[in-house]
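As structure tokens, the structure follows; a few thoughts come after it.
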Amino acid sequence: MTDSAAHLLVVDDDSRLRALLQRFLAEQGFRVTVAGDAAAARQALGAMEYDLMVLDVMMPGETGLELTESLRRTGQDVPILMLTAAGAPDDRIAGFEHGADDYLAKPFDPRELALRIRTILKRAAPPASAPLPPVQLGLRWFDAERGELRGPEGVTRLTGGEAALLVALARRGGEVLSREEIAAAMGTPEAGERAVDVTVTRLRRKIEPDPREPRFLHTVRHKGYVLRPGA
């Protein structure tokens, strides 16, 4: 998929900002659909598939955080870039905890928004380099190209951030990666160490038999994380 072919869903209750984003992103070569609230976003997501959703956090009724959490809980893996007027570190971490792939504080430069969108799309695309063979994690297998975990219970979809983190660790299996290296590999170096920790926690819930006693994704104190695949 090329950037110009990507179809974006922009969700914001501010009609002026919504119109500005629709015009700017269309000028950047994206196809753009807009929605004014979570209910309209759900309707749009039910009608077709989107390559990425740009989602405002503070909306009347169901918030962007609540919508993201609900979508992830029901298996929707569309990449989500959150927009919010609250740009404190804790607010950014909340976005990642609820399943967002990236987070941009208002006010923002539209050019940065376009750059972040392209970064997420590139990260979500099948790798152009040599494909990563399936990675065994106990009774599950990770398919890097599809971003899926397959196991006895069926297919478990991963968010773009979770899949990118697992790919980064799997490509250097048995080697300790620092949080900075992992953030760079995920395409979100500005997100910081806490965002990496949050994504690790979410991923462990999906790959570990007991996330409290990890078998595969280990913490190495003061150094980072290491993946040790196996049966």
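Please work out the FRET efficiency for the pair residue 15 and residue 69, using the Cβ-Cβ distance as r and a Förster radius of 22 Å; give the result to the nearest 0.05. Kindly include the intermediate steps, with their values, before the conclusion.
Numbers: r = 25 Å, r/R0 = 1.15.
E(calc), rounded to 0.05, equals 0.30.
Once the Cβ-Cβ distance between residue 231 and residue 146 is put in as r, and R0 is 22 Å, what FRET efficiency do you end up with, to the nearest 0.05?
Details: r = 21 Å, r/R0 = 0.97.
Working from the Cβ atoms, E equals 0.55.
Give me 180, 208 ranked fewest to most by other Cβ atoms within 10 Å of their Cβ, as a rough exposure proxy. Numbers along the way, then the final one.
Working: 180 13, 208 17.
Taking fewest neighbouring Cβ atoms as first place, the list is 180, 208.
At most 15 other Cβ atoms within 10 Å and a DSSP loop assignment: could you name the chymotrypsin sites (Phe, Trp or Tyr not before Pro) in the range 84-160 that fit?
Details: sites: 96, 103, 108, 141, 142; in loops: 108.
Those that pass, being in a loop and sparsely packed, are 108.
Just so you know, all these numbers are worked out from the coordinates, no wet-lab data involved. If you're wondering where the values come from, they're calculated on a predicted model, not measured in any experiment. Quick reminder, even Gly has a Cβ in these numbers, built from the backbone with ideal geometry, and neighbours come from all protein chains shown.
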